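Please treat every number below as a calculation from the coordinates, not as lab data. Predicted, not measured: the structure shown is a model, and the values here were computed from it. Heads up, the Cβs are rebuilt from the backbone with ideal geometry, glycines too, and the neighbour counts pull from every protein chain shown.
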Amino acid sequence: MQLSIRPDIPTWKEYMDRTDLWEIQYKMHIEIQTDLIPGVLIYDIHIGYITDFRSGPSIVNPFIPKIGDVKLAIAWMIHDVNYHGFLSKKYSDQLLREMLEYAGIGKLKRNSVYYAVKFFAGSHYNTLDEDQGPIYNHNKTLVDFKWAYKGYVIKKFTGKRLCAY
C-alpha cells in the first residue's frame with residue numbers, strides 16, 4: 001500500500017462540543033494505491049467534513065483506538081467517506097482492513113474490525129444519491145473523489161454528482 005497525505009499532520013477539533021464527532025480543520029489531499037483496488041484513489045476532503053473516526057462502543061478504545069495516530073485516523077476517516085457511496089461496501093471494508101494493516105494494527109484486531117463492519121455496518125452504508133441525514137448530506141458536498149487507472153479517470157465526484165467513465 002502507498003498512502004500520501006497533505007498536510008502531513010492533519011488537524012481536527014471536536015464538533016460543537018460533542019465528544020463523538022470531529023471536524024476537519026484544513027483541506028486534506030489523500031492518495032491511496034493498493035493491490036486490492038487497481039489504480040489510485042484520490043480524495044480531497046474540505047474544511048468542515050465531520051467524522052466519528054472509529055465507530056463503535058468506547059469499551060473497545062483501549063484495544064482499538066477511536067482515533068490513533070495519523071495513519072489510523074486516516075483509515076477510519078476514509079472508511080467513513082467511502083460509506084457515503086464513493087466505493088462499494090465490499091471495497092470500502094476491504095480497503096479499511098488493508099489500511100489498518102498499513103497503520104500497524106495486528107491481524108487479530110484488524111480482522112475483528114473487518115468482520116464487524118462486514119456483517120454489522122451494512123445499515124450505515126449508503127449510495128451517493130440517498131438522503132443520509134443533515135450531517136452526512138453536507139459531508140458529501142465536502143469531498144472530491146477521483147479513481148484513476150492507467151491515466152484514465154474511472155470515477156469522479158466533485159461534491160455534487162458522481163460521474164463514471
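So the label point goes 7 Å from the Cα of ILE9 along Cα→C-beta, right? Which residues of region 55-89 then have their backbone N under 13 Å from it?
In region 55-89, the label zone of ILE9 (backbone N under 13 Å from the point 7 Å along Cα→Cβ) covers 70.
In vacuum, with every alpha carbon of the chain counted as one equal point scatterer, what does the Debye formula give for log10 I(q)/I(0) at q = 0.15 Å⁻¹? Two decimals, please.
The Debye formula, applied to the Cα set alone, gives -0.80.
Using +1 at the Cβ of each Lys and Arg and -1 at the Cβ of each Asp and Glu in the chain, identify which of LEU108, ILE154, ILE47 lies farthest towards the dipole's positive end.
It is ILE154.
Would you kindly state how much longer the chain becomes between ASN111 and ASP69 on full extension, computed as 0.36 nm times their sequence separation minus their alpha carbon distance, in nm to one decimal?
Working it through step by step, the gained length comes to 13.2 nm.
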